[in-house]
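Written out below as structure tokens is the structure these notes cover.
The values are calculated or read from the model by the stated rules, or taken from the named source; none is laboratory data. Note that the structure is predicted; figures quoted are calculated from it, not measured. Positions of Cβ are backbone-derived with ideal geometry, glycine not excepted, and every protein chain shown enters the neighbour counts.
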Amino acid sequence: MSGHGSPTTEIPHQPGTRVAIVAASWHEQVMDGLLAGALRGVAEAGIEQPTVVRAPGSFELPVIADALARDHDAVVALGVVIRGGTPHFEYVCAAATDGLSRVALDHGVPIGFGLLTCDDEKQALDRAGLPDSIEDKGYEAAAAALTTAHVIAGLAADRAGATPGS
């Protein structure tokens, strides 16, 4: 399973962090699990009021994440694409992945990557953070975004306290 070897770090407590979650609408059961996991991760960080937005599908995640990254410290992007019999899977996965990477780099805002790219529905359900799932990718995406935001804030604080020439 792909979760083997994943880190076990705690999400830093950061109640002042402005976080948004954008979640696709396709595959409702999987998405409900991913969203619940992300919200649990955000709550563990002490954030009570995250912005939650639904996207029509995974292809639309980057454009909504881009809008959210303008006034949030971290964005968690959640979606699922399940392989079918056409190249649609490859196009949507590549566009969403490339778009989310671009948003992070263009804005300097961490994007928690919670886009499941699965061969079948069972793989998606196994990763959705549901009671019978073996992984919780929504929680992991939130943890990654919030931990990265904490690191970036620390780097900014270090730079602000640095003396010229250091």
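A few notes on this one:
- Residue in region 83-91 that is outside any helix (DSSP H, G or I) and either among the aromatic types (F, W, Y) or under 15 Å from the mean Cα position of the chain (by Cα) (or both) present: no
- Scanning region 130-157 for residues that are crowded, with 24+ Cβ neighbours inside 10 Å and either modelled with pLDDT under 95 or not hydroxyl-bearing (S, T, Y) (or both) gives K137, G138, A141, A142, A143, A145, L146.
- Pairs meeting the criteria (first residue in region 105-123 and part of a helix (DSSP H, G or I), second residue crowded, with 19+ Cβ neighbours inside 10 Å, beta carbons under 6 Å, at least 6 apart or on different chains) are H107/A69.
One line per residue, one yes/no per condition, for (1) buried (at least 19 other Cβ atoms within 10 Å of the Cβ); (2) of a type in the set (D, E); (3) in contact with a helix residue (DSSP H, G or I) (Cβ under 9 Å, 6 or more places away or on another chain):
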residue: G57; (1), (2), (3): no, no, yes
residue: D73; (1), (2), (3): yes, yes, yes
residue: V76; (1), (2), (3): yes, no, yes
residue: V80; (1), (2), (3): yes, no, yes
residue: G84; (1), (2), (3): no, no, no
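- From the options A43, A20, A36, residue that is modelled with pLDDT of 95 or more and either in a loop (DSSP other than H, G, I, E, B) or touching a His at 6+ places or on another chain (Cβ under 9 Å) (or both): A20
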